[in-house]
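Okay, structure first, notes after.
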Amino acid sequence: MTADQSGASGDPSKSAEEIQDWIIDYLAKELDTSPNSIDPSATFDSFALDSATAIGMTGDMENWLGKRIDPTIVYDYPTIEEFSNYLAGQK
Amino acid sequence: MIQLSTKPFPLPRPARRLEIGSSDLHLWRISADDGLPYVDRLHKSLSEAEQLRASKFFRDEHAQQFVIYHAGLRDILARYLGVAPIEITYQASSFGKPNVISGQAGQLKFNLTHSSQLAVVAVAVDAEVGVDIEEVRKIRSFASMIDRCLSDAERKDICVHQEADRHRQFLRFWTHKEAYLKTIGVGLQAPLDRVTVDLQAPDSRKVVNHFHVFPKEPTVRLMELAPCEGFVGAVGSTHDESPEIKTFGWVSGRCG
């Protein structure tokens with residue numbers, strides 16, 4: 001994980017719940033479904049996002065969080081829940 | 001531009017092993033629509049880990065595509081190796097690019113890509129291969145994607161195109177870059193804006209700027225693919241000379 005503090009401009013205090021909700025809303029729009037149908041314990045893999053969509057989501061999340069996200073950390077934190085907890089706990 | 005065959009592959013398996021020489025590059029097209037009637041049977045040719053993965057998809061459609069593409073890949077590789085599809089085992093490299101480990105498979109290299117209803121498998125021996133296809137579509141957060149994924153020269157090229165063509169042009173760059181990174185085996189961990197691709201250059205000189213961590217040798221040839229209407233694609237390989245390309249249409253009904 002690379003936390004590029006020099007470029008940080010966003011609110012660093014987003015909670016795991018806020019991050020999780022953001023991801024679920026994003027995926028729901030991408031999959032044209034309701035946020036309620038998305039299980040936070042599901043892996044990103046299970047949504048079959050193509051790589052361009054995955055990179056796009058990471059980019060939008062970086063803009064929202066105001067920090068760099070290494071896209072490869074998803075291998076270590078493969079579910080929405082784990083990924084959100086990791087990002088919230090990471091300073 | 002390589003046009004992919006939709007003609008069914010004529011040899012029923014396992015008549016004999018499919019030959020491939022070190023100067024050859026084989027490209028197989030797998031259509032999800034064609035495989036759909038056989039999905040239950042194809043499911044049985046997957047490993048337990050693949051079956052588990054197939055059971056986890058949010059959408060049935062994606063699970064079915066996964067089954068068809070991965071069963072197709074096994075069947076295709078099995079034709080070269082002279083083994084049953086189920087006997088094939090994979091081992092991932094340190095960056096996650098899978099290789100086959102079974103019997104004489106050491107020199108057989110392959111790469112799978114899929115987008116929507118279509119998958120393509122590239123196969124070679126003694127040369128690394130990487131392939132990528134994308135269905136042409138509108139890219140979400142397009143401005144930010146251009147910033148993140150394209151070099152300065154590529155951004156200028158995009159601007160020359162009509163607004164309506166920009167998403168397609170972006171995906172041409174994207175597939176070439178991804179084919180290159182898959183060929184050298186690093187995948188999308190690489191900073192995409194640090195690699196420049198020249199779509200007009202000859203195949204062996206399309207990658208004009210490597211990020212300094214990438215090896216200059218061997219040279220990666222990048223060839224544009226025309227998978228079918230509405231898709232763009234590219235295939236990379238480390239063949240010394242332009243490879244002899246053969247294309248095949250994979251027919252799931254003949255599998256197993």
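Table for the structure above
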{"read-out": "Sequence-distant residues sharing a close amide H with B:L225 (under 5 Å, placed H)", "value": "B:I2, B:G233, B:A234, B:V235"}
{"read-out": "Computed over chain B: relative contact order in percent, which uses C-alpha pairs under 8 Å that are six or more apart", "value": "29"}
{"read-out": "Kyte-Doolittle mean at least -1.0, axial Cα span of 20 Å or more - DSSP H helices of chain A", "value": "A:16-31, A:51-65"}
{"read-out": "Prolate/oblate/rounded call for the range A:14-89, Cα gyration tensor, a/c under 1.5 rounded", "value": "rounded"}
{"read-out": "Extreme residue, positive dipole direction of the range A:14-89, given options A:Y77, A:L65, A:I38 (C-beta unit charges)", "value": "A:L65"}
{"read-out": "For the protein assembly as shown, calculated [θ]222 nm from helices alone, where every DSSP H run of n ≥ 4 adds -39500 (n - 2.57)", "value": "-10500 deg cm²/dmol"}
{"read-out": "Estimated FRET transfer efficiency when R0 is 25 angstrom, pair B:S93-B:S204 (beta carbons, to 0.05)", "value": "0.55"}
{"read-out": "Trypsin sites (Lys or Arg not before Pro) within the range B:24-121: DSSP coil, no more than 16 neighbouring Cβ in 10 Å", "value": "B:K44, B:K56, B:R59"}
{"read-out": "Built amide H within the under 5 Å cut-off of B:L118, gap 5+", "value": "B:A32"}
{"read-out": "Kyte-Doolittle at least 1.0, axis length at least 30 Å by Cα - qualifying DSSP helices, chain B", "value": "none"}
{"read-out": "Cα-based Lys proximity count in the range B:89-208, under 18 Å, for pairs eight or more positions apart or on separate chains", "value": "8"}
{"read-out": "The range A:14-89, dipole about Cα centre (Lys/Arg Cβ +1, Asp/Glu Cβ -1), debye to the nearest 20", "value": "220"}
{"read-out": "The protein assembly as shown - Kirkwood radius from inverse mean 1/r over Cα pairs (Å)", "value": "21.2"}
{"read-out": "For chain B, Kirkwood radius (reciprocal of mean inverse C-alpha pair distance, Å)", "value": "18.8"}
{"read-out": "Cα-only radius of gyration and Dmax that characterise the range A:21-61, units Å", "value": "9.6, 25"}
{"read-out": "Simple Cβ-charge dipole of the protein assembly as shown, Lys/Arg +1 and Asp/Glu -1, about Cα centre, in debye nearest 20", "value": "920"}
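Values in this text are rule-based calculations from the coordinates and carry no lab data. Note that the structure is a prediction, hence the values are computed from the model and not measured. Don't worry about glycine lacking a Cβ; one is built from the backbone with ideal geometry, like all the others, and counts go over all protein chains shown.
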